[in-house]
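Take a look at the structure below.
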2 protein chains.
Amino acid sequence: MKDTPIFSGVIAPVVTPFGEDGSPDLDRFVEHCEWLLADGCTGLAPFGTTSEGNSIGVDERMELLEELVDAEIDPKKLMPGTGSCAVSDAIILAEHAVELGCGGVLMLPPFYYKNPSEEGLFRFFAEVIEEVADDALKVYLYHIPPIAQVGFSLPLIERLRKEFPNTVVGLKDSSGDWANTKAILDAFPGFEVFPGSEVFLLDGLRNGAAGCISATANVSAKAIRNVYDHWQGPDADRLQGEITALRKAIQAYPLIPVIKALIAHYREDPTWADLRPPFTELPADEVAKAVKLLADTHGFKLDFQAAA
Amino acid sequence: MKDTPIFSGVIAPVVTPFGEDGSPDLDRFVEHCEWLLADGCTGLAPFGTTSEGNSIGVDERMELLEELVDAEIDPKKLMPGTGSCAVSDAIILAEHAVELGCGGVLMLPPFYYKNPSEEGLFRFFAEVIEEVADDALKVYLYHIPPIAQVGFSLPLIERLRKEFPNTVVGLKDSSGDWANTKAILDAFPGFEVFPGSEVFLLDGLRNGAAGCISATANVSAKAIRNVYDHWQGPDADRLQGEITALRKAIQAYPLIPVIKALIAHYREDPTWADLRPPFTELPADEVAKAVKLLADTHGFKLDFQAAA
């Protein structure tokens with residue numbers, strides 16, 4: 001790890017609550033973000049995949065982000081997803097994040113056209129960085145080939161780092177492939193690499209990762225943070241074993257629906273479970289089963305009073 | 001075919017010209033659209049895949065569309081692409097198209113999350129249609145699984161047609177799979193089905209298709225229109241053979257780059273060849289080869305004076 005990382009630790013790709021009318025619910029959003037920081041998150045990545053980020057419009061994303069800053073959440077802890085298939089919208093979102101003082105941005109490659117050339121992807125990022133033209137812009141590449149289909153090869157990462165050493169500072173690896181994460185960590189010392197799941201947190205930290213950016217940090221940040229804080233301690237492997245087991249139990253269900261359903265259950269606020277299409281809510285009997293299994297087997301519960 | 005189709009014939013998914021600064025070039029755009037209508041297109045589908053539609057921002061798409069209407073192109077001939085991964089943006093774009101009086105909209109399914117449920121996709125379209133809440137909205141489903149990955153099953157098409165019989169009126173099938181097009185034509189008589197390539201035009205028309213919506217209509221509308229106009233005549237198979245051969249010769253090159261390069265060449269306007277990332281321009285020697293091969297083998301040339 002670098003001496004002065006920009007981001008490190010446990011970052012949640014914040015789930016986005018919707019109101020009765022289907023639009024993003026600003027108050028619930030701020031409340032959840034504040035709770036996540038109290039629960040152990042060191043940073044927040046709104047508008048990631050878990051956030052249904054691409055299901056939220058350009059204007060909606062900007063309004064939500066402004067709401068967080070207005071609520072006095074430290075913008076340095078924010079790494080919003082600013083990717084778009086349209087380079088023009090990616091520029092608008094990145095500029096907006098920089099104006100608000102965000103510590104970084106998490107940027108997907110353009111993901112509509114498949115099998116783009118490395119040159120084409122390089123140009124996309126170059127155009128955003130050159131148009132924003134601000135040293136305060138810190139770009140984290142968002143590698144999630146299982147969903148975006150389009151990802152980052154090692155040569156592309158190397159070229160972007162070489163061309164924009166002060167801007168392209170890190171990467172979230174949601175490939176789910178530890179060999180790929182390890183290859184990136186080995187190739188680029190000092191690059192802020194975040195595995196996309198806490199399953200790889202301890203292995204990552206031992207190989208120079210900066211932390212993790214994980215969907216399940218929305219509901220288990222405290223335990224993940226505990227591994228991050230004690231990764232060099234004698235209990236590290238046991239603690240990692242616990243968060244790995246919990247993650248696997250949660251992701252046995254459709255991940256985004258179950259995370260929102262768990263929050264809805266423990267907040268006693270059914271609207272929290274709402275999703276934008278194409279997602280659909282987890283059926284009530286599945287939610288009940290998940291709540292019971294996670295509680296019985298992992299002692300899992302969410303305590304919104306304690307942290308707040 | 002229905003007695004009173006809303007769209008029929010040859011529709012071009014209009015390529016989008018960019019200016020020196022990378023933003024969409026309104027004047028060149030209008031000029032190309034007017035030329036296409038003069039060259040034989042019966043309709044225009046701006047912001048399709050060939051248009052780099054998803055590479056163009058929400059505000060940019062609306063500005064371009066307004067420009068066409070301001071230029072007195074009949075909005076009834078316009079079927080803009082209004083799809084978005086975000087249902088909120090899809091609503092904004094569809095409402096805007098209806099306000100401008102567009103004859104229809106061509107709507108992608110949300111394409112970020114892979115393997116969505118049929119129920120989730122149904123809800124996406126239902127939400128757009130119910131929010132726009134205007135009988136003037138005519139939705140053409142855009143099925144292009146090779147690129148979007150997410151597509152329309154027959155049961156989903158049936159459910160959407162049943163629930164919104166006056167709104168969900170047609171489909172563009174860019175699967176490239178004639179068996180799929182045929183299955184849709186057989187299942188839904190009266191549905192306005194457009195194969196996504198003129199290769200399937202004659203077979204389509206003989207089985208009830210409304211016409212075709214094809215990338216290469218940007219540079220060969222006249223010949224495609226000739227097949228459409230004479231599909232029941234004695235020369236139909238020969239004419240179809242010619243447009244099939246030309247299409248195959250053109251698509252031997254990267255399709256969007258070569259179409260823009262051909263327009264740039266014959267307009268003697270190099271900027272026309274520009275693409276947004278992740279696309280890159282076809283190298284000059286490839287363009288020269290394509291121009292020569294198409295001219296020698298197919299007598300291909302573009303005449304911007306004659307049609308204008």
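Would you pick out the residues in the stretch B:140-156 that are more than 10 Å from chain A (Cβ to nearest Cβ) and touching a Phe, Trp or Tyr at 6+ places or on another chain (Cβ under 7 Å)?
Within the stretch B:140-156, B:Leu141, B:His143, B:Leu156 meet the criteria.
Would you point out which residue out of A:Ile263, A:Ile256 is touching a Ser or Thr at 6+ places or on another chain (Cβ under 6 Å) and either over 14 Å from A:Arg28 (Cα atoms) or buried (at least 17 other Cβ atoms within 10 Å of the Cβ) (or both)?
Values: A:Ile263 fails: touching a Ser or Thr at 6+ places or on another chain (Cβ under 6 Å).
After applying the criteria, what remains is A:Ile256.
Can you tell me how many residues within the stretch A:270-284 are in contact (Cβ under 8 Å) with a residue 12 or more places away in the chain and away from chain B (no Cβ under 14 Å)?
3
Tally up the residues in the stretch B:3-61 that are away from chain A (no Cβ under 12 Å), in a strand (DSSP E or B) and surrounded by fewer than 24 Cβ atoms within 10 Å (Cβ to Cβ), please.
1
Do we find that A:Ala187 is at pLDDT 95 or above, of a type in the set (A, V, I, L, M) and touching a strand residue (DSSP E or B) at 6+ places or on another chain (Cβ under 8 Å) in this structure?
Working: at pLDDT 95 or above: yes; of a type in the set (A, V, I, L, M): yes; touching a strand residue (DSSP E or B) at 6+ places or on another chain (Cβ under 8 Å): no.
Against the criterion (at pLDDT 95 or above, of a type in the set (A, V, I, L, M) and touching a strand residue (DSSP E or B) at 6+ places or on another chain (Cβ under 8 Å)), A:Ala187 does not qualify.
Residues being in a helix (DSSP H, G or I) and either of a type outside the set (Val, Ile, Thr) or over 19 Å from A:Cys85 (Cβ atoms) (or both): count how many of those fall in the stretch B:78-136. Even if it seems obvious, please write down each step before you answer.
Taking the stretch B:78-136 and keeping what is in a helix (DSSP H, G or I), we get B:87-99, B:118-132.
Narrowing the set further to residues that are either of a type outside the set (Val, Ile, Thr) or over 19 Å from A:Cys85 (Cβ atoms) (or both) leaves B:88-90, B:93-99, B:118-127, B:129-132.
Count: 24.
Mind counting the residues in the stretch B:62-93 that are away from every other protein chain (no Cβ under 11 Å), aliphatic (A, V, I, L, M) and either farther than 27 Å from B:Gly120 by Cα or out of contact with any strand residue (DSSP E or B) (no Cβ under 9 Å at 6 or more places or on another chain) (or both)?
Residues flagged as away from every other protein chain (no Cβ under 11 Å), aliphatic (A, V, I, L, M) and either farther than 27 Å from B:Gly120 by Cα or out of contact with any strand residue (DSSP E or B) (no Cβ under 9 Å at 6 or more places or on another chain) (or both) within the stretch B:62-93 amount to 8.
Restricting the search to the stretch B:151-180, which residues are over 23 Å from B:Phe124 (Cβ atoms), within 19 Å of the chain's Cα centre (by Cα) and part of a helix (DSSP H, G or I)?
B:Trp178
Those residues that are surrounded by fewer than 23 Cβ atoms within 10 Å (Cβ to Cβ) and within 14 Å of chain B (Cβ to nearest Cβ), I need them from the stretch A:94-119; list them, please.
As a first pass, look at the stretch A:94-119 and keep what is surrounded by fewer than 23 Cβ atoms within 10 Å (Cβ to Cβ): A:95-96, A:98-101, A:103, A:113-119.
Selection gives A:Glu95, A:His96, A:Tyr113, A:Lys114, A:Asn115, A:Pro116, A:Ser117, A:Glu118, A:Glu119.
Can you work out which of the residues in the stretch A:285-308 that are loosely packed, with under 12 Cβ neighbours inside 10 Å and at pLDDT 95 or above is nearest to the other protein chains (Cβ to nearest Cβ)?
Here is the first cut: in the stretch A:285-308, the residues loosely packed, with under 12 Cβ neighbours inside 10 Å are A:285, A:292, A:295-297, A:299, A:303, A:305-306, A:308.
Add one more test, that the residue is at pLDDT 95 or above, and what stays is A:285, A:292, A:295-297, A:299.
Details: A:Asp285: 17, A:Lys292: 25, A:Ala295: 28, A:Asp296: 29, A:Thr297: 28, A:Gly299: 31 Å.
The qualifying residue nearest to the other protein chains (Cβ to nearest Cβ) is A:Asp285.
The values are calculated or read from the model by the stated rules, or taken from the named source; none is laboratory data. This structure is a prediction, so every number in the text was calculated from the model and none was measured. Note that each Cβ is placed from the backbone with ideal geometry, even for glycine, and that neighbours are counted across all protein chains shown.
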